[in-house]
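The structure appears right after this line, and notes come after that.
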Amino acid sequence: MPRGRIFVDTSAWYAFIDKNDQDHADAVSKVKALDRSHLTSNYVLDEILTLLKSRLGPSIAILFGQKLWDQEVSALVRIT
């Protein structure tokens, strides 16, 4: 039986991306240990891009935002 997806929120994405975040190592190890695909929403996309831009700069936000938009790192649910 296939396992469901894991919903990834803004704080989890940020910890995974920012190597200086106190939870970075845990976030990376959890992602490697999971055998499920990721799921996130367009609301989380907006939040993580705003957070990345303000803390790490626009280039990081653009790179990660494109990966989320193209669904390279996670399925993207568009909430209307």
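The values are calculated or read from the model by the stated rules, or taken from the named source; none is laboratory data. All of these numbers come straight from a predicted model, not from anything done at the bench. Positions of Cβ are backbone-derived with ideal geometry, glycine not excepted, and every protein chain shown enters the neighbour counts.
Looking at the structure I just gave you, is residue 44 in contact (Cβ under 8 Å) with a residue 60 or more places away in the chain, closer than 21 Å to residue 78 by Cα and β-branched (Val, Ile, Thr)? Judged against the criteria, residue 44 is not a match.
Under the condition of being in contact (Cβ under 8 Å) with a residue 24 or more places away in the chain and over 23 Å from residue 62 (Cβ atoms), the residues counted in segment 1-41 number 9. Per the listing 72, 47, the residue uniquely of a type in the set (Asp, Glu) and at pLDDT below 95 is 72. Counting only residues that are within 15 Å of residue 12 (Cα to Cα), of a type in the set (A, V, I, L, M) and touching a residue at least 40 places away in the same chain (Cβ under 8 Å), segment 47-67 holds 1 of them.
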